[in-house]
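Accompanying notes for the structure given below.
The values are calculated or read from the model by the stated rules, or taken from the named source; none is laboratory data. No experiment lies behind these values; they were computed from the predicted model shown. So basically every Cβ, Gly included, is an ideal-geometry build from the backbone, and we count neighbours across all protein chains shown. Heavy atoms of the whole protein, side chains included, go into the accessibility calculation; ligands, DNA and RNA do not. Shrake-Rupley method; radii C 1.70, N 1.55, O 1.52, S 1.80 Å.
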Amino acid sequence: MYNNTFGNIFRLTSFGESHGKAIGGVIDGFPAGITIDMEFIQKELNRRRPGQSAITTARKEADEVEFLSGIYEGVSTGCPIGFAVWNTNQHSNDYDNMKDVYRPSHADYTYTQKYGIRDHRGGGRSSARETIARVVAGALAKLALRQLGISITAFTSQVGPFKLDKDYTAYDLTSIENNPVRCPDQDLARQMADYIFRIKGEGDTIGGVISCVIKGCPVGLGQPIFGKLHAALGNAMLSINAVKGFEYGQGFSNMELKGSQQNDIFYNNNGEIGFRSNRSGGIQGGISNGQDIYFRVAFKPVATVLMEQPTVDIQGNETILKARGRHDPCVLPRAVPIVEAMAAMTLLDYYLLDKASTL
């Protein structure tokens, strides 16, 4: 299985399966001398871990990371950072009735057809549990970016028909951890949570949108032509389980506007170049322009539903499947830190690439 490595200079190679012994990774290219805040890293993992509320999967995992190399006396050494998070609460027998049956819209069909190996236990490598490695690497990237004054905040902006109706600047993004959905509008968050809980009771699932804002990004990040910053962010987001779409800046909205209406007008801001608007989403020509970078990521409903669905078995015979096990009715609350992690890895990688652009 190839392409389990992400990044150019800052690189993560991840390993592990949902019901294997551990999920882990090796990080190369992480700068030396960065203070490693273990409490912060564990806090990031806690935001992703299962069983954190009534609207997430009931699987119980501590998800405590064990670092194996690359850190000495609380500081990164510049050597490869190896780490593992041990799986302790697998219920593999929950998947026995799926052993010879394909779940509709699930990766178990394509993985089996591609590799000829059938690991029905929780999806194996295709499980979102793999994203643990991304969150650990993303937390380390955040620690490095923090020294550069770069911050990344993602939040749930839509669940099914419930969505925010204002620009991100209208909300207090520091309040997202005040509710289990991680939405900055507390009233809307309650409606979202109630809706997810109702969907869960039906044995069904629901999707939505996560928005993300990057502040403090310097001008110049991006490697045109084929390494444009927005393309790198899109690649990172589309690699996350259940992601179906990515847009940055205005994206698909306001496409009826003319160029004269869409353009971000320059002006002299007390001797510095400023912008009257930010419809470009902080990126122009594939290069960051110093404004906030903002984008949206669409997530489909989880494929595994706890209700009867027609499908076929591995011989192609039509049958009925009713899945069992512990599954998220909506991935968005737990995917917020994953979106942040992928953005952080991309930004740190492209910051290091930028330093190699000129002598």
Picking from 82, 74, which residue would you name as being of a type outside the set (A, V, I, L, M, F, W, C), over 25 Å from residue 239 (Cα atoms) and at pLDDT 90 or above? 74
Exactly one of (1) surrounded by 19 or more Cβ atoms within 10 Å (Cβ to Cβ); (2) under 30 Å from residue 202 (Cα atoms); (3) out of contact with any Leu (no Cβ under 7 Å at 6 or more places or on another chain) is unmet by residue 54. Its number? (1)
In the set 59, 121, 125, which member is touching a Pro at 6+ places or on another chain (Cβ under 6 Å) and modelled with pLDDT under 95? 59
Please verify whether residue 119 is in contact with a His (Cβ under 9 Å, 6 or more places away or on another chain), part of a helix (DSSP H, G or I) and of a type in the set (Asp, Glu), treating the condition exactly as stated. no
Pick from the stretch 16-33, criterion surrounded by fewer than 19 Cβ atoms within 10 Å (Cβ to Cβ) and modelled with pLDDT of 95 or more, ranking: farthest from residue 113 (Cα to Cα): 33
What's the total number of residues in the stretch 177-198 that are touching a Ser or Thr at 6+ places or on another chain (Cβ under 8 Å) and part of a loop (DSSP other than H, G, I, E, B)? 5
Cβ-Cβ under 8 Å, sequence separation 6+ or interchain: first residue in the stretch 67-88 and more than 19 Å from residue 22 (Cα to Cα), partner open to solvent by 70 Å² or more (accessible area, probe 1.4 Å) and among the polar types (S, T, N, Q). Which pairs? 74/35; 75/35
Any strands (runs of 3 or more DSSP E) falling wholly within the stretch 261-359 and containing at least 1 residues that are over 24 Å from the mean Cα position of the chain (by Cα) and surrounded by fewer than 21 Cβ atoms within 10 Å (Cβ to Cβ): 266-269, 272-275, 308-312, 318-322
Six or more apart or on different chains, Cβ atoms under 8 Å: show the pairs whose first residue is in the stretch 229-251 and over 17 Å from residue 135 (Cα atoms) and whose second is in a helix (DSSP H, G or I) and at pLDDT below 95. 250/262
Residues (open to solvent by 20 Å² or more (accessible area, probe 1.4 Å) and farther than 24 Å from residue 323 by Cα) located in the stretch 110-149: 134, 142, 146, 147, 148, 149
If you go through the stretch 226-253 one residue at a time, how many are more than 18 Å from the chain's Cα centre (by Cα) and either among the acidic types (Asp, Glu) or modelled with pLDDT under 95 (or both)? 4
Taking the residues in the stretch 209-250 that are basic (Lys, Arg) and assigned to a strand (DSSP E or B) as candidates, determine which candidate is most open to solvent (accessible area, probe 1.4 Å). 244
For residue 181, work out the one condition from (1) out of contact with any helix residue (DSSP H, G or I) (no Cβ under 7 Å at 6 or more places or on another chain); (2) within 26 Å of residue 307 (Cβ to Cβ); (3) surrounded by 15 or more Cβ atoms within 10 Å (Cβ to Cβ) it doesn't fulfil. (1)
Given the structure, is residue 55 touching an Asp or Glu at 6+ places or on another chain (Cβ under 9 Å) and closer than 19 Å to residue 341 by Cα? no
Mind listing just one residue for me: the one in the stretch 150-163 that is farther than 20 Å from residue 290 by Cβ and buried (at least 20 other Cβ atoms within 10 Å of the Cβ) and, of those, nearest to the chain's Cα centre (by Cα)? 154
Considering residues of the stretch 15-57 that are in contact (Cβ under 8 Å) with a residue 60 or more places away in the chain and assigned to a strand (DSSP E or B) only, the residue nearest to residue 88 (Cα to Cα): 22
